[in-house]
Amino acid sequence: MNLEQYTALAGDALQTITDFRRWGASRFAAAGLDFSQGQQHPRGEADALLAAALHLEPEDLAELGAARLLGSEKTTIFKHFYQREILRRPAAYITGEAWFAGLRFGVDERVLIPRSLLEPFIEEGFAPWVEASQVRRILEIGTGSGCMAITLALRFPEAEVDAVDISADALAVAHANIRRYGLEDRVHLHQSDLFAALEGRRYDLILSNPPYVDATAMAELTPEYRHEPR
Ligand SMILES: C[S@@+](CC[C@H](N)C(=O)[O-])C[C@H]1O[C@@H](n2cnc3c(N)ncnc32)[C@H](O)[C@@H]1O
């Protein structure tokens, strides 16, 4: 099904924000999409895509639910919904944003969508195992979008953070996020295979959320995960 055919499914029935919220949620639920990279349920996912298309926040949608939409706005919303439902593109790549530890990060197909189980440990500064005042130098291996390195820099404001990745593409995304948070002076990027470019450096804290999907698991992943970098 192409975008034109997808748009035609709704005819002229959809006029308001609430109409689109309901339609998107119903379509996504019926299609059996995988929501585990994003909002975890069809309604949240429809809201995230709708809000991004309208330059709003998801929490604005209820209050503005009766607002009628322009043709150009509907076109953008259908494009977002089409990519999500038919192309199975993750919502974070469509909107260009993902959340980690309560912070917003720019993401695209060059990096994994943030979802590390390390998130609560970073937020709590690794208490009780790590004494924050003792941490001056931190290393993150495999930084991807830079979400963990940036969260670490904010959680440990006295520390310098080295963030490495083997992928130049990933480092470009991390660089944009570091600039977004104004942390260029404390978060330093290195293109490196593990420790290769870090000879002689020592750290108080080393963190990694390394690649963990083997070929067998990869073959069983849903189409959404195939949009993430191999
Ligand atoms: C699972 S992702 C984690 C990304 C990010 N830290 C997060 O939690 O969202 C693993 C990252 O490790 C990087 N990577 C893979 N092999 C590597 C290596 N040998 N040396 C450095 N980075 C590597 C990948 O490019 C990818 O960005």
Seminar exercise, completed: Only unsatisfied item for residue 226, checking (1) charged (D, E, K, R); (2) in a loop (DSSP other than H, G, I, E, B); (3) at pLDDT below 95, is (2)
For this session: Determine whether the stretch 53-66 contains at least one residue that is assigned to a loop (DSSP other than H, G, I, E, B) and within 30 Å of residue 167 (Cβ to Cβ).
Result: no
Exercise. Restricting the stretch 197-210 to residues that are under 24 Å from the mean Cα position of the chain (by Cα), within 11 Å of the ligand (Cβ to nearest atom) and not polar (S, T, N, Q), which is least open to solvent (accessible area, probe 1.4 Å)?
Worked result: 207
Exercise. Among the residues of the stretch 19-30, which ones are open to solvent by 40 Å² or more (accessible area, probe 1.4 Å) and within 19 Å of residue 221 (Cα to Cα)?
Worked result: 29
Exercise. Is it fair to say residue 102 is open to solvent by 20 Å² or more (accessible area, probe 1.4 Å) and within 30 Å of residue 4 (Cβ to Cβ)?
Worked result: no
Exercise. Taking the stated definitions as given, is residue 86 among the β-branched types (Val, Ile, Thr), in contact with a helix residue (DSSP H, G or I) (Cβ under 7 Å, 6 or more places away or on another chain) and outside the structural domain of residue 13 (by TED's automatic domain parsing)?
Worked result: no
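The values are calculated or read from the model by the stated rules, or taken from the named source; none is laboratory data. Note that the structure is predicted; figures quoted are calculated from it, not measured. Every residue, glycine among them, receives a Cβ derived from its backbone with ideal geometry; neighbour counts consider all protein chains shown. The protein model used for the area step is the full one, side chains on, heavy atoms only, and it has no ligands, DNA or RNA in it. Shrake-Rupley method; radii C 1.70, N 1.55, O 1.52, S 1.80 Å.
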